[in-house]
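Participant: The following block contains the structure, expressed as structure tokens.
The values are calculated or read from the model by the stated rules, or taken from the named source; none is laboratory data. Not measured: the values here are computed from a predicted model. Glycine gets a Cβ as well: all are built from the backbone with ideal geometry, and neighbour counts include every protein chain shown. Just the protein is used for accessible areas: all its heavy atoms, side chains included, with ligands, DNA and RNA removed. Shrake-Rupley method; radii C 1.70, N 1.55, O 1.52, S 1.80 Å.
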Amino acid sequence: QVQLVESGGGLVQAGGSLRLSCAASGSIFSINAMGWYRQAPGKQRELVATITSGGRLNYADSVKGRFTISRDNAENTAYLQMNSLKPEDTAVYYCNADITGIRGVRTNGYWGRGTQVTVSS
């Protein structure tokens, strides 16, 4: 059993910053990649940023230069530093992980429950 728990969401004014955390726990052998996705009301879930175990980064064009993803491999935790927030960044932010379990089964289907980020204008 693997769990992902997000934290750090909240209400912030436009131009402000927030830092999200995602902690993975459970029967983990290795974490191959972690990522952040978001879903705004009435819209599909979209990729925000991902980071592989080797440190390769990928960002959505809409957040490049404003958001930074990082991870602490020892703590099985990923972070999303969000700066210069805009009202259009308002969404529920979900953590995703590609994990190999202790029995050797790999899946990228692990999701957290999400954390709300609201940016006021």
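Participant: For segment 64-115, please list each of the strands (runs of 3 or more DSSP E) lying entirely inside it that holds at least 3 residues being aliphatic (A, V, I, L, M).
Facilitator: In segment 64-115, 77-82, 91-101 are the strands (runs of 3 or more DSSP E) which contain 3 or more residues that are aliphatic (A, V, I, L, M).
Participant: May I pose another question? Please go through segment 91-109 and pick out each residue that is open to solvent by 60 Å² or more (accessible area, probe 1.4 Å) and not aliphatic (A, V, I, L, M). Show your work before the answer.
Facilitator: Going residue by residue through segment 91-109, those that are open to solvent by 60 Å² or more (accessible area, probe 1.4 Å) are 102-103, 105-106, 108.
Listed by number, the residues that qualify are Arg103, Arg106, Asn108.
Participant: If I ask for residues that are among the small types (Gly, Ala, Ser), touching a residue at least 40 places away in the same chain (Cβ under 8 Å) and crowded, with 19+ Cβ neighbours inside 10 Å, which ones from segment 45-90 would you list?
Facilitator: Hit for segment 45-90 is Ala78, nothing else.
Participant: Determine which member of the set Gln116, Gln44 is modelled with pLDDT of 95 or more and within 21 Å of Leu11 (Cα to Cα).
Facilitator: Gln116
Participant: Filter segment 19-40 down to residues that are part of a strand (DSSP E or B), of a type outside the set (A, V, I, L, M, F, W, C) and either in contact with a helix residue (DSSP H, G or I) (Cβ under 7 Å, 6 or more places away or on another chain) or more than 17 Å from Pro87 (Cα to Cα) (or both), then give me how many there are.
Facilitator: 6
Participant: For segment 41-57, what are the residues that are part of a strand (DSSP E or B) and over 18 Å from Trp111 (Cα atoms)?
Facilitator: Correct list: Leu57 only.
Participant: Look at Gly15 and say whether it is in a strand (DSSP E or B), touching a residue at least 24 places away in the same chain (Cβ under 8 Å) and either more than 12 Å from Asp89 (Cα to Cα) or open to solvent by 40 Å² or more (accessible area, probe 1.4 Å) (or both).
Facilitator: no
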